[in-house]
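Report on the structure given below.
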Amino acid sequence: MDSLKIRIPFIGPLLIKYAMTTFMRTLATVMGSGIPIVESLRMSVGTLNNMLLERKLLAAVVRVEEGVQLSSALEGTRMMPPLALRMLGVGETTGSLEEMLGDISEYFEEEIERNLNVLTTSIEPAIMVVMGIIIGGIIITMYLPIFKIAGTVG
């Protein structure tokens, strides 16, 4: 089911971004409390609520355990945009990984908000058309018997 949810055309990428937002924010919080990065990653993977994404990120955790940088390991999952990966790489090299994780999660939140605005503005006209058809059908079904009675009387 999780794989199917991710493949839905417009909603799938939105779900991935939301999952990554919660993952990044949790990772920043856990790392800020002084827990080592590998343990922090393992703890944060549980916030994804998607088995497919969890498997991909656990593979990235294994790569981090092997000594690969976090940005390189997450690049292999192909779930994050290049800008977020670059920001993560900068955070690793400058030593401000927690702050950069917070910035990345804010970036994802803004992108989710933009996508939801696009989705709601594109669905709104379709809902209006459907409501018009439903109301038109109700009106026709109410007046059709009256017209039949008037035709038989006249």
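Whether a residue is in a helix (DSSP H, G or I) and modelled with pLDDT under 90 was assessed, and residue 140 does not pass this test. The condition of being within 30 Å of residue 122 (Cβ to Cβ), at pLDDT 90 or above, within 17 Å of the chain's Cα centre (by Cα) and among the acidic types (Asp, Glu) holds for only one of 103, 2, that being 103.
With the requirement that a residue be among the small types (Gly, Ala, Ser) and on the phi > 0 side of the Ramachandran plot, what does region 74-117 give you? Answer for region 74-117, where residues must be among the small types (Gly, Ala, Ser) and on the phi > 0 side of the Ramachandran plot: just 95.
So is residue 47 among the hydroxyl-bearing types (Ser, Thr, Tyr), in contact (Cβ under 8 Å) with a residue 12 or more places away in the chain and part of a helix (DSSP H, G or I) or not?
no
Quick one: would you say residue 122 is over 19 Å from residue 18 (Cα atoms), of a type outside the set (A, V, I, L, M, F, W, C), in a helix (DSSP H, G or I) and touching a helix residue (DSSP H, G or I) at 6+ places or on another chain (Cβ under 8 Å)?
No.
Residue check: residue 77 meets all listed conditions (1) hydroxyl-bearing (Ser, Thr, Tyr); (2) assigned to a helix (DSSP H, G or I); (3) at pLDDT below 90 but one, namely (2).
The values are calculated or read from the model by the stated rules, or taken from the named source; none is laboratory data. Model, not experiment: these values are computed from the prediction. Please note: Cβ atoms are built from the backbone with ideal geometry, for glycine as well, and neighbour counts cover all protein chains shown.
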